[in-house]
Amino acid sequence: MTLKKLALRAVFAGTAVFGLGSAQAALPIQHWTLANGAKIYLVATNALPIVDVQVDFDAGSRRDPAPQAGLASVTSAMVEKGVRAGKSGEPALDQNALGEAWADLGASFDVSAGTDRMSYLLRTLSDPALLGKAVALASREIGEPSFPDDVWLRERERINAAIKEANTKPATIAGRAFGQDVYGVHPYGQEVTEETLARIDTATMRQRYQQLIVPCRAKLSIVGAVTRAEAESVATTLLSRLPANDACTPLPTIAPVAALTAPKDERIPFDSAQAHVFIGQPGYPRKDPDHFALNLGNYVLGGGGFVSRLTNEVREKRGLTYSVYSGFAPGLDAGAFRIGFQTRPDQAEEAIKVSREVLAKFVAEGPTESELKAAKDNLIGGFPLLLDSNRKLIGNVANIAWHDLPLDYLDTWTTRMNAVTAADVKAAFARKLQPERMVTVVVGGK
């Protein structure tokens, strides 16, 4: 069998069901710190001949200077556009050569940036020869990106065109206004524009990279067919081409998202068939102990699709919208709570009124016992599906690592969900949400 066929078979298997069911949660997470300060989280499993690695740094968009919003996103994209010549004599590789190198190894490597972190994801076969080559190539992308000027100029034009196109859509305008109204001056509310993009060049990317992407701040999550010794070797090699930083000075503290002190209604005229509506406020950080109660409660309120209160009252009883949802977006800081829907512009006011009433009633009274039981049955019943592949498991382990959650988090998840009472949900929602002080954004109509 050829290498590519073997790789394709393994990658396909990596998205298939493990066959371990809920027992998958019992796989222990090993945790230790390297001499360079990097933190390792390992789940060793021989279910598949695959190794998945995620390397996270505190280098998401919350670290972007406001005049250069979008810097994290474009920097992560440019990491994959080529590597410079290596210190050990390896030749420089452009984007095409990198793509061919990864295809020859039957492996994949991706880089992305969210609001909180920049993430590198490696997937490779666990065969020692292939694993070593894949890790070596990934270490070059992590430690020796070239940030080619000519490629950036083309990328900037492409992104500018995408921004212009997005700005013609009501959903873009509504999302931007909502973020600015909810977060104020906090970086969570920043958004890339043509103006901020024009202030970004490859020199800025290199400087940002040097400041934020250092071994001592790395969190590496590893899942797959490797021993602890092999995992340590993988982690050490992946970070080996980054400049050492013995001092590892803590990054500047970012002020928390400020609570809203008053409601705000923003109505933006737009000639569209549907009005886009968002209602919300700052929510909670991921480490908040109310997380389980808020998750269950939101399923009842608007996260449970057709069985949620919002859907029942806004769609089923009154036919005001095709769909309506609510949700929290917790991060290192208080990500937004949001109710969202689209409706005919002439129905927007009524839909907003009903949605606010449903929310206020839920915050005041909490769920019924039958609603809470249905939410538990659904979420707990679906929990094994969150762990049924290497790819899903690496995401969960990386989440534990990034938010400093207990190492037994997956083992105790079901127990903690089952322990939540209706009174717990009511109290948690009362602590987190103030329906009388929310942002409402409507884009559409006159």
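Throughout, read-outs are computed from the coordinates displayed, never taken from laboratory work. None of the values given here were measured: they were computed from a predicted structure. Note that we place each Cβ from the backbone using ideal geometry, even for glycine, and neighbour counts take in every protein chain shown.
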**Message:** I need the phi-derived Karplus couplings for region 289-304: 6.51 cos²θ - 1.76 cosθ + 1.60, θ = phi - 60°, integer Hz, Gly and Pro marked x.
**Reply:** x, 7, 3, 5, 5, 5, 4, 5, x, 5, 4, 5, 5, x, x, x
**Asked** Most fluctuating residue of 54, 274, 347 in a GNM of the chain with Cα springs under 10 Å: which is it?
**Response** 347
**Request:** Could you please state, rounded to a whole Å, how far the C-alpha centre of region 170-218 is from the C-alpha centre of region 394-420?
**Result:** 29
**Asked** What's the tally of Lys pairs in region 264-443 whose alpha-carbon atoms lie under 24 angstrom apart, where the two lysines are 8 or more places apart or on different chains?
**Response** 22
**Request:** Give the total of Lys-Lys pairs in region 3-238 with Cα-Cα distances below 25 Å; include a pair only if its members are 8 or more places apart or on different chains.
**Result:** 11
**Request:** Compute the relative contact order of region 37-118 as a whole-number percentage, counting only Cα pairs closer than 8 Å that sit 6 or more residues apart in sequence.
**Result:** 38
**Message:** If I take R0 = 25 Å and measure r between the Cβ atoms of residue 94 and residue 391 in this structure, what FRET efficiency does the formula 1/(1 + (r/R0)^6) give, to the nearest 0.05?
**Reply:** 0.35
**Request:** Mind jotting down the distance between the C-alpha centroids of region 269-346 and region 221-252, whole Å?
**Result:** 39
**Message:** Show me the trypsin sites (Lys or Arg not before Pro) within region 240-309 that DSSP assigns to loop and that have at most 12 other Cβ atoms within 10 Å of their Cβ.
**Reply:** 287
**Request:** Determine the sum of side-chain charges near residue 358: Lys and Arg each +1, Asp and Glu each -1, restricted to other residues whose C-beta is under 9 angstrom from that of residue 358.
**Result:** +1
**Prompt:** Which whole-number percent gives the relative contact order of the chain, counting Cα pairs below 8 Å spaced six or more residues apart?
**Reply:** 23
**Item:** Principal-axis tilt of helix 170-183 within the chain, Cα atoms, nearest 10 degrees
**Value:** 90
**Fill in**
For the chain, the charge dipole (Cβ of Lys, Arg +1; Cβ of Asp, Glu -1; about the Cα centre) points to a positive end, and the Cα of 402, 60, 314 closest to that extreme belongs to 314
**Message:** Could you give each residue of region 361-376 its phi-based ³J(HN,Hα) in whole Hz, using Karplus coefficients 6.51, -1.76, 1.60 with θ = phi - 60°, and x for Gly or Pro?
**Reply:** 5, 5, 5, 6, 10, x, x, 7, 4, 5, 5, 5, 4, 5, 5, 5
**Fill in**
In the neighbourhood of residue 143 defined by beta carbon distances under 11 Å, the net charge of the other residues (Lys, Arg +1; Asp, Glu -1) is +2
**Request:** Using Cα Rg over 2.2 N^0.38 Å as the read-out, say which of (i) 1.15; (ii) 1.05; (iii) 0.96 was calculated from these coordinates.
**Result:** (ii)
**Message:** Loop-only GluC sites (Glu not before Pro) in region 120-192, please: DSSP not H, G, I, E or B, and at most 10 other Cβ atoms within 10 Å.
**Reply:** none
**Request:** Give, as ranges by residue number, the residues of region 184-198 whose backbone N falls under 20 Å from the point 7 Å along Cα→Cβ of residue 149.
**Result:** 197-198
**Complete:** Per the charge dipole of the chain (beta-carbon charges, Lys/Arg positive, Asp/Glu negative, Cα centre), the residue among 132, 70, 213 reaching farthest to the positive end is 70
**Item:** Taking region 327-440 and dividing mean pair separation by its residue count, relative contact order in percent (alpha carbons under 8 Å, at least six apart)
**Value:** 34
